[in-house]
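Heads up, the thing below is written out as structure tokens.
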Amino acid sequence: MELAAARALQDSILTGSPVSDDLMLPEPVKKRKYLMVVGINTAFSSRKRRDSVRATWMPQGDKLRKLEEEKGIIMRFVIGHGATSGGILDRAIEAEDRKHGDFLRLEHIEGYLELSAKTKTYFTTAVALWDADFYVKVDDDVHVNIATLGATLAKHRSNPRVYIGCMKSGPVLAHKGVRYHEPEHWKFGEEGNKYFRHATGQLYAISKDLATYISINQNVLHKYVNEDVSLGSWFIGLDVEHIDDRRLCCGTPPDCEWKAQAGNICVASFDWSCSGICRSADRIKEVHRRCGEGEDALWSASF
């Protein structure tokens with residue numbers, strides 16, 4: 001519509017003919033500006049994980065709304081739909097959402113091999129719903145200090161194209177049957193090569209321009225089997241600043257506890273051996289107790 005209106009306006013200037021009312025652009029609707037949207041990636045089978053997150057680092061009820069209004073932070077569990085529309089899995093999530101009101105439902109069919117597609121749909125949906133400086137993806141078995149995350153991202157507001165996370169360059173696994181096998185390994189050169197630098201998938205953040213880029217180009221962005229590799233591939237040829245911040249991938253206690261005692265509070269904590277907190281539904285409360293920034297940190301923070 002904008003392109004058609006711009007061309008019509010140009011023609012009218014050249015020819016002197018009036019512009020059709022049908023092509024006049026509507027007045028833009030002013031949307032609230034937020035600091036960040038935090039999407040917590042979850043699955044149908046992860047009810048205990050979600051409840052453990054709700055009991056620790058994710059505010060609930062009125063506090064969740066207060067977080068949006070006073071701090072400009074949106075937080076939602078992100079999930080699509082089951083293979084059977086309106087089936088028992090969808091109904092369970094709908095009931096949970098009526099109770100907590102903390103879901104973002106995507107037009108996406110859930111499945112482990114569909115994580116790259118889900119990530120693409122999440123950013124596309126989030127940037128359409130909320131105008132934010134940053135869009136964050138985090139897994140539901142990771143501990144996050146929200147105030148520390150907000151303060152960390154706020155430092156990069158002046159950069160329009162920034163990609164923040166714990167950057168890694170793991171091996172491209174060519175052999176079938178192993179975890180993280182890359183079916184398109186041949187694209188990355190000879191056997192034994194490594195991937196380009198990309199943020200590990202437990203938690204990363206991108207600026208608004210990059211989320212918008214994904215939204216606009218979603219139909220032509222290639223999906224690799226590993227979601228974090230897919231995201232990194234979408235930015236590798238762009239003028240994007242990669243920020244490697246190791247506070248986004250601290251270990252669980254005692255690692256994050258030692259760092260907190262030294263005044264270097266971690267943004268996120270998890271176990272590399274489990275790609276998240278091992279047995280997170282049972283252990284995240286202990287991680288929160290020993291490594292959490294404290295509730296007052298969030299409500300006293302200014303971003």
Taking Cα atoms only, helix 280-291 is inclined relative to the longest principal axis of the chain by an angle, in degrees rounded to 10, of 90 degrees
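At a 1.4 Å probe radius, carbon and sulfur cover how many percent of the accessible area of segment 34-181?
Its accessible area is 53 percent carbon and sulfur atoms.
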Rounded to whole Å², per residue accessible area for the chain with a 1.4 Å probe reads 51 Å²
For Lys71, counting only aspartates and glutamates whose alpha-carbon sits under 20 Å away and dropping same-chain residues fewer than eight positions off, the answer is Asp62, Asp102, Asp131, Asp133, Glu293, Glu295, Asp296
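When the convex hull of the Cα atoms of the chain is projected onto a plane and the area is averaged over all directions, what value comes out in nm²?
On the way: hull surface 78.8 nm².
Its average projected convex-hull area is 19.7 nm².
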The extension gain from Gln218 to Gln261, computed as 0.36 nm times the residue separation minus the Cα-Cα distance, is 11.2 nm
Expressed in square angstrom to the nearest 10, the accessible area of Trp299 with a 1.4 Å probe stands at 60 Å²
Within segment 150-256, DSSP-loop chymotrypsin sites (Phe, Trp or Tyr not before Pro) with at most 16 other C-beta atoms within 10 Å are Tyr180, Phe196
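Classify segment 62-202 from the C-alpha gyration tensor, please: rounded if a/c falls under 1.5, else prolate or oblate depending on whether a/b exceeds b/c.
It comes out oblate by the Cα gyration axes.
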Highest GNM mean-square fluctuation among Ser116, Ser169, Ser45, for the chain with Cα springs under 10 Å, belongs to Ser45
Excluding residues fewer than 8 positions from Lys137 in its own chain, the aspartates and glutamates with Cα under 14 Å of it are Glu227, Asp228
Taking max minus min of the Cα coordinates of segment 205-303 on each principal axis, largest first, gives extents in Å of 44, 34, 21
So the angle from the long Cα axis of helix 2-15 to the longest Cα principal axis of the chain, reported in degrees to the nearest 10, equals 20 degrees
Carbon and sulfur atoms account, in whole percent of the 1.4 Å probe accessible area of segment 196-269, for 48 percent
Length gained if Asp239 through Glu94 is fully extended, taking 0.36 nm per residue and subtracting the Cα-Cα distance, is 48.2 nm
The relative contact order of the chain, taking Cα pairs under 8 Å that sit 6 or more residues apart, comes to a percentage of 21 percent
Judged on accessible area alone, 1.4 Å probe, highest first, His143, His288, His181 line up as His288, His181, His143
For Glu69 and Asp209, extending 7 Å from Cα along the Cα-Cβ vector and measuring point to point gives, in nm, a value of 3.4 nm
Per its Cα gyration tensor (rounded if a/c is under 1.5, else prolate when a/b beats b/c, else oblate), segment 165-244 is best filed as prolate
If one builds a Gaussian network model of the chain from Cα atoms under 10 Å apart, the most fluctuating residue listed among Glu110, Glu190, Glu68 is Glu190
In degrees, nearest 10, the alpha-carbon axis of helix 88-100 is tilted away from the dominant principal axis of the alpha carbons of the chain by 90 degrees
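The values are calculated or read from the model by the stated rules, or taken from the named source; none is laboratory data. Computed from a predicted structure; not experimentally measured. As a convention, Cβ positions derive from the backbone with ideal geometry for all residues, glycine included, and neighbour counts pool all protein chains shown. Keep in mind that these areas ignore ligands, DNA and RNA; they rest on the heavy atoms of the full protein, side chains included. Shrake-Rupley method; radii C 1.70, N 1.55, O 1.52, S 1.80 Å.
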